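Here is the structure we will look at.
The values are calculated or read from the model by the stated rules, or taken from the named source; none is laboratory data. Only a predicted model underlies this, so the values are computations on that prediction, with no experimental measurement involved. Glycine gets a Cβ as well: all are built from the backbone with ideal geometry, and neighbour counts include every protein chain shown.
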Amino acid sequence: MFSKTSSPIGQFICAARKRAGLSQEALAERLHVTRQTISNWEGGKSLPDIESLKSLAEVLEVPVEQLLYGEISPPRDKLPSAVGILCTYLGTAVLVAGLLYGIRSGYSISRMERIVYNFSDTLPIWIFSLLWGAALLGIGKIIKLLER
C-alpha cells in the first residue's frame, strides 16, 4: 500500500484521506494546493508545514495528532467512571433512605395510645447511614478525581 520510502506522516495522511473518501485531487482542491503537493506529502518527498497540517486535520476531520502519530489509542475504559457514578448514586440513596428510615423507626405508640418519638431508636440508623453514605460519596469523588 505504501512505498518503502514514504514517511510515517505521509502514510497517516494517506490513510486519513482514504477514510474520508477523498481523492488526492479532491483533497488538493479543498486545501488550495496542487495534487502533486498531496502526492509529495503522502510519498514522503516533503512534509506539510504547520498551517497546512492544521488545515489537513480540519478537512479530514481528524486531530492533528492522528496525522503526526497515526491512530490514536481509543479512550480509556469507561468502567471506572461508571463505578464512580454508581458510588455517588448509592451514597445519596443510602443517606436519603437512612434519614427516612430513621424518622420512621423513631415513632411508636405508647401504652396510652399516643404517638411518641424515641430519638434513641433513630440515632443509630442515622449514624450508620451517614457513615456509609459519606464513604460511598467519597469513593465516587476519588474515582472522579483519579480519572483526570
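State yes or no: is ALA97 assigned by TED's automatic domain parsing to the domain that holds ALA135, modelled with pLDDT of 90 or more and either in contact with a helix residue (DSSP H, G or I) (Cβ under 8 Å, 6 or more places away or on another chain) or part of a helix (DSSP H, G or I) (or both)? Judged against the criteria, ALA97 is a match. Among all positions in the stretch 14-23, there is at least one residue which is part of a helix (DSSP H, G or I), closer than 11 Å to LEU67 by Cα, out of contact with any strand residue (DSSP E or B) (no Cβ under 7 Å at 6 or more places or on another chain) and among the basic types (Lys, Arg). Within the stretch 102-129, residues that are in a loop (DSSP other than H, G, I, E, B) sit with their Cβ atoms under 6 Å from residues that are surrounded by 12 or more Cβ atoms within 10 Å (Cβ to Cβ), at 6+ positions apart or across chains, in these pairs: ASN118/GLY106.
Return a yes/no flag: does the stretch 81-103 have any residue that is loosely packed, with under 13 Cβ neighbours inside 10 Å and over 19 Å from GLY133 (Cα atoms). Within the stretch 81-103 (the criterion being loosely packed, with under 13 Cβ neighbours inside 10 Å and over 19 Å from GLY133 (Cα atoms)), the answer is no, since none of the residues qualifies.
For the stretch 90-148, what are the residues that are within 30 Å of PRO80 (Cα to Cα) and of a type in the set (S, T, N, Q)? Passing the criteria: THR92, SER129. Against the criterion of being more than 30 Å from GLY138 (Cα to Cα), part of a helix (DSSP H, G or I) and modelled with pLDDT of 90 or more, ALA28 qualifies. One residue alone among GLU61, GLU42, GLU65 is of a type in the set (D, E, K, R) and free of Cβ contacts under 8 Å to residues at least 24 places away in the same chain, and that residue is GLU65.
Being modelled with pLDDT under 85, in contact with a strand residue (DSSP E or B) (Cβ under 7 Å, 6 or more places away or on another chain) and surrounded by fewer than 15 Cβ atoms within 10 Å (Cβ to Cβ): is that true of ILE109 here? Criteria met by ILE109. Exactly one residue among PRO48, PRO124 is modelled with pLDDT of 90 or more, within 28 Å of SER23 (Cβ to Cβ) and not charged (D, E, K, R), and that residue is PRO48.
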